[in-house]
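Remarks on the structure that follows.
The values are calculated or read from the model by the stated rules, or taken from the named source; none is laboratory data. Everything quoted here is computed from the prediction, not taken from an experiment. Because the Cβ atoms are built from the backbone with ideal geometry, glycine has one as well, and the counts that use them run over all protein chains shown.
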Amino acid sequence: MQKQLFGAVLASTFLLVGCCDDEKCETMADEYGTTSSITSPLPDTEIDTQKGSFTVICNIKNFTSDKADGKFFWISIEDVKQAKHWPKFPVEDEKCSPNIIYEGQKNDPSDKRAMKIHLLRIDHDTDQKFRQWIKEGPDTGYPGFPLEQLNQCDIVATVPIFLP
């Protein structure tokens, strides 16, 4: 039982995404790599979108001090095949509140799409861009951001999932 619990805890910790080769990214990986994580959903979970939403829970190291330093945290979801991501919500505390991702698309349940949930630590300008995108979303249809526009150094944690 202890072995299974340890395995579940280990599996629920994030996969650190490769950063750029600069020193800043390496420092970020060292600082966040062992303590910040997305703990729910578990990696490789197939999300039941019939409910229309699912919960994301995380643990963020240095949340309060980073916020005081002008950093913002967001949850974003990436469609691996399309190489795009969609900001979902700003994070209000170290546990990822508010923590519901709404996935209202009607998808073919036999078509499992590889997705990734990202916990992002971003600057003020990116936060404003995400907020503007959400505000304009009803008029624009929420087009995804190309993945290459996402600074890999901003990704604090990632968990792979599948959406039907």
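Step by step: first the residues of segment 143-164, then only those that are at pLDDT below 90 and within 22 Å of residue 52 (Cα to Cα), then the one that is surrounded by the fewest Cβ atoms within 10 Å (Cβ to Cβ). Which residue is that? Out of the qualifying residues, it is 164. Going through (1) part of a loop (DSSP other than H, G, I, E, B); (2) surrounded by fewer than 14 Cβ atoms within 10 Å (Cβ to Cβ) one by one, residue 94 falls short only on (2).
Please verify whether segment 133-155 includes one or more residues that are among the acidic types (Asp, Glu), touching a Lys or Arg at 6+ places or on another chain (Cβ under 8 Å) and touching a residue at least 12 places away in the same chain (Cβ under 8 Å).
Looking through segment 133-155, at least one residue is among the acidic types (Asp, Glu), touching a Lys or Arg at 6+ places or on another chain (Cβ under 8 Å) and touching a residue at least 12 places away in the same chain (Cβ under 8 Å).
Taken together, 116, 67, 51, 112 contain a single residue that is loosely packed, with under 13 Cβ neighbours inside 10 Å and not polar (S, T, N, Q), which is 51. Of all the numbered requirements in (1) surrounded by fewer than 20 Cβ atoms within 10 Å (Cβ to Cβ); (2) in contact (Cβ under 8 Å) with a residue 60 or more places away in the chain; (3) aromatic (Phe, Trp, Tyr), residue 73 misses one, and that requirement is (1). If you go through segment 116-126 and keep only what is touching a Lys or Arg at 6+ places or on another chain (Cβ under 9 Å) and within 16 Å of residue 89 (Cβ to Cβ), you end up with 117, 121, 122. Scanning segment 30-56 for residues that are part of a loop (DSSP other than H, G, I, E, B), closer than 17 Å to residue 115 by Cα and at pLDDT 75 or above gives 41, 42, 43, 44, 47, 48, 56.
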